[in-house]
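Single-structure report; data block below.
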Amino acid sequence: MNFVLAVNIRIKPENVDKFMAELLANAREARKEPGCRQFEVLVDTTDPTKVLLFEVYDDDKAFEAHQQAPHFKKYMAQGVPMLADRQRQVLKRAL
């Protein structure tokens, strides 16, 4: 069973460029993790402060491993404070 996560992000306008650099560095490293099947960074075409992350992992253990990775911890420490809002939703694939 896959572990799917959607994260809706709203970046503080003054932080867009700096935050995106942190986020994209995290995404590049996450895609290299053995349990990560997909990690998409999707930006609203009319509002660059709105971002959707769509992540697919083999299972919850693979996602837990992702959360322990140094690049994820750096992103959380440096990137998340630049946000106005962040909402996570855990999903599963309907069969």
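The values are calculated or read from the model by the stated rules, or taken from the named source; none is laboratory data. All values reported here derive from a predicted model rather than from experimental measurement. Every residue, glycine as well, gets a Cβ built from its backbone with ideal geometry; the counts of neighbours run over all protein chains shown. Heads up: the accessible areas ignore ligands, DNA and RNA and are worked out on the full protein's heavy atoms, side chains in. Shrake-Rupley method; radii C 1.70, N 1.55, O 1.52, S 1.80 Å.
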Could you check, for the stretch 42-62, whether at least one of its residues is closer than 26 Å to Arg10 by Cβ, surrounded by 13 or more Cβ atoms within 10 Å (Cβ to Cβ) and small (Gly, Ala, Ser)? no
Scan Glu64, Glu55 and give me the residue that is of a type in the set (Asp, Glu), closer than 15 Å to Phe3 by Cβ and within 13 Å of the chain's Cα centre (by Cα). Glu55
Check Gln89, Gln68 and return the single one that is within 16 Å of Glu33 (Cα to Cα) and open to solvent by 70 Å² or more (accessible area, probe 1.4 Å). Gln68
Consider only pairs whose beta carbons are under 9 Å apart and that are at least six residues apart or on different chains; among these, list those whose first residue lies in the stretch 10-27 and is in contact (Cβ under 8 Å) with a residue 60 or more places away in the chain and surrounded by 12 or more Cβ atoms within 10 Å (Cβ to Cβ) and whose second residue is in a helix (DSSP H, G or I) and of a type in the set (Phe, Trp, Tyr). Ile11/Phe19; Lys12/Phe19; Glu22/Tyr75
Out of curiosity, is Arg37 touching a helix residue (DSSP H, G or I) at 6+ places or on another chain (Cβ under 7 Å), surrounded by 14 or more Cβ atoms within 10 Å (Cβ to Cβ) and charged (D, E, K, R)? no
